[in-house]
Amino acid sequence: MSTTSTNPATNSAQSPSLPFASRADQLVGSVIDASTTLLAAYDHDIVKFGMGAPAPDMLPAKDFGRIAGEVFDPSNFTYGETKGEPILLEALHDYLSATDQIPAEQKGNLDRLLITSGGMQGLDLGFKLFVSPGDLVACESPTYTNGSATAMSYEADILEVPVDDEGMQVEVLEEHTARTGRPPKVIYTIPTFQNPAGVTMSLPRRELLLSFAHRHRSVIIEDNPYGMLRFSGESLPALSDLSPNDPLIFGVRTFSKFVAPGLRLGWIDVDPEVRDLAVNAKQTMDTCAPVPNQHLVAQWLSEGGAESHVEVLREAYRERKLTMSAGLERHFPGELRATDPDGGFFLWVTFDDETLNTEQLLPTALEEGVAYIPGPAFSPGGSFTNDLRLCFASNTPERIDEGLERLRRAIDRHRA
Ligand SMILES: Cc1ncc(COP(=O)(O)O)c(C=O)c1O
C-alpha cells in the first residue's frame, strides 16, 4: 500500500512568537545526519554502522596529500565559476565517458554538468526547480531521509511507494495515480543499490517507471551515488542510459562515496536548459562549490586515480558485505531477514519480532558500543519500527563482526 502525507502548511507551532515561513514547519532534518552529533557525545568505543561514510582506510589520502601540495595554490582559493571549475568539468566528463557512466548520446556535452556542493545540493536543486507547495512527490518507502526531507522543505506532499527486491513498486504508483487522478509532479528514486534497502530496480520496473513519467510528465530525480560500486551481479542501465538526453530526468551524483564525503563535491547531469536554471539557483545558495577541492579532485581524476581506487573499493566492500551477511546469520539465526545487495553501502534488516522497536533499542545499542539507523528514519510516515539500516562499508571485517556481537548483546539486554 502506498501512503500519502499531506503537508499541513501551517505556520510554525513550535515557536509562535516568531514569524516563520510556512515551510519552516517542514524542516524535519535528518536522523542520519544528526547521528554524527549524537555519537560525538559518547566517549567509549562504538562500531559505527549508522552513517553511510567510506572508512578512513578507504580514502585516497596518500594521493590527496601529494596533490594538495601542488594544487593548493593561492590562486585556487578564490571564487570560482558557479557551474564548476572547467578543469574539473572536463576531467569528470572524461572519466564518466571512459567508464561508460554517461550514455554515448550525451558524450561531449559538458553543458549538462554542474558541480554541486555534494549530492545533497543536487537534490536541493532538483526539488527547488520542480516542486511548488502542495505538489505531490513520490518516493520509495523506505527512502533516503534527506531526499524526502528536502522535498518536504519545498512543501511537497509525499507519496510513499513501497520497495521490494526489484526496487520501487511502480505498479503501486500506477494504481495510486489511476485511483486518485493525481500523478506525482516529481518521482524521487535511488534505483541502484538503494539507500537504505540496498536493492536494485529491475529492468522491467525501470522501463515501466520511464513510461509512467513520460505519460504523466513527471520529473524523475535519479539519485545515483552508489551505481559505480557494484561488486557482484550483472550491471543494469541507469534510467538516463535507457532514455538519453531526456529532459524529464534530473541526474544527481556525488564524489562522496567513491572519493571522500568531506570534500562536499557532487554533480548534476541534466538537460542544458535545466542546468542553466540550476546555475541561477546555486548562485543564491553558495555561489560555487569549494574551489580548492575541485582542483584536488580534477588532478586526481586526470592522473587516472579513480579507476584503480574504485576497483579497490569494490573488492573491499564485497568482502565487508559478505562478512556482514554471514555475521547476521550467525548471531541472529532465524530471527531476521536482511537484503543482499550487489553493491553500494547498505543492508536493510527486518526483525521477525514485530514488537522489537529499533528506535527504543538504540540507546542500549549505543551503550553496548554499536550504532545503526532505526527504520522509521527512512519513512516520512514513520513506518518500519522493527527494521534498521546497517552500513557495511565503513568498517573492517573484524570490526563488523565485533559490531554484530554487540548488537546481539544489546537486543538480549533490551528484551531482558
Ligand atoms: C542516496 C543518497 N543521495 C544523496 C546523498 C548525499 O550525498 P552527499 O554526501 O554527497 O551530499 C547520499 C549520502 O548518503 C545518499 O545516500
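Below, the figures for the structure above:
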| read-out | value |
| --- | --- |
| Alpha-carbon centroids, segment 142-179 and segment 349-416: separation in whole Å | 24 Å |
| 5 angstrom amide H check on PHE384, placed H, neighbours 5+ away | none |
| Karplus 3J(HN,Hα) series, Hz, for segment 192-200 with 6.51 cos²θ - 1.76 cosθ + 1.60 (x for Gly, Pro) | 10, 6, 4, 9, x, 7, x, 7, 10 |
| Sorted by Cβ neighbour density within 10 Å, fewest at the top, the residues SER30, SER97 | SER97, SER30 |
| Simple spin-label estimate for ASP43 and ALA68 in nanometres, 7 Å along Cα-Cβ | 2.8 nm |
| Exposure proxy order (Cβ contacts within 10 Å, fewest to most) of MET285, MET51 | MET285, MET51 |
| Per-residue ³J(HN,Hα) for segment 310-317, Karplus 6.51 cos²θ - 1.76 cosθ + 1.60, θ = phi - 60°, Hz, x for Gly and Pro | 5, 4, 4, 4, 4, 5, 5, 6 |
| Pairs from LYS185/LYS321; LYS62/LYS107; LYS257/LYS321; LYS107/LYS257; LYS83/LYS128 whose Cα-Cα separation, in the structure shown, is over 25 Å | LYS185/LYS321; LYS62/LYS107 |
| Cut-off 12 Å (backbone N to label point 7 Å along Cα→Cβ of SER383), residues of segment 199-225 | none |
| Estimated [θ] at 222 nm from DSSP helical runs (n ≥ 4, -39500 (n - 2.57)) normalised by residues in the chain, nearest 500 | -12500 deg cm²/dmol |
| Positive-end extreme of charge dipole, segment 307-416 - chosen from THR350, THR385, ALA416 (charges on Cβ) | ALA416 |
| Extension gain, THR287 back to ASP111 (0.36 nm per residue minus Cα-Cα distance, nm) | 61.6 nm |
| Point-to-point label distance, GLU175-ALA416, nm (Cα→Cβ direction, 7 Å offset) | 4.5 nm |
| Of every Cα-Cα pair in segment 236-330, the percent that sits beyond 21 Å | 54 percent |
| Footprinting exposure proxy for TYR95, TYR226, TYR79, TYR188 (fewest neighbouring C-beta atoms within 10 Å first) | TYR79, TYR95, TYR226, TYR188 |
| Amide H contacts under 5 Å for GLY343, placed H, 5+ residues apart | PHE231 |
| Rg(Cα)/(2.2 N^0.38 Å) for segment 75-304, N = residue count | 0.98 |
| Reciprocal mean inverse distance between Cα atoms of the chain - Kirkwood radius, Å | 22.1 Å |
| Phi to ³J(HN,Hα) by Karplus 6.51 cos²θ - 1.76 cosθ + 1.60 over segment 282-294, Hz, x for Gly, Pro | 5, 5, 8, 9, 8, 6, 7, 6, x, 5, x, 5, 5 |
| Computed lengthening from ALA104 to GLU273, 0.36 nm per intervening residue step minus Cα-Cα distance | 58.9 nm |
| Gain in span if fully extended, ARG182 to LEU27, counting 0.36 nm per residue against the direct Cα distance | 53.3 nm |
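Here, each number is a calculation from the coordinates, and none is a lab measurement. Here the structure is a predicted model, which means the values were calculated and not measured. Cβ atoms come from the backbone with ideal geometry, glycine included; neighbour counts cover every protein chain shown.
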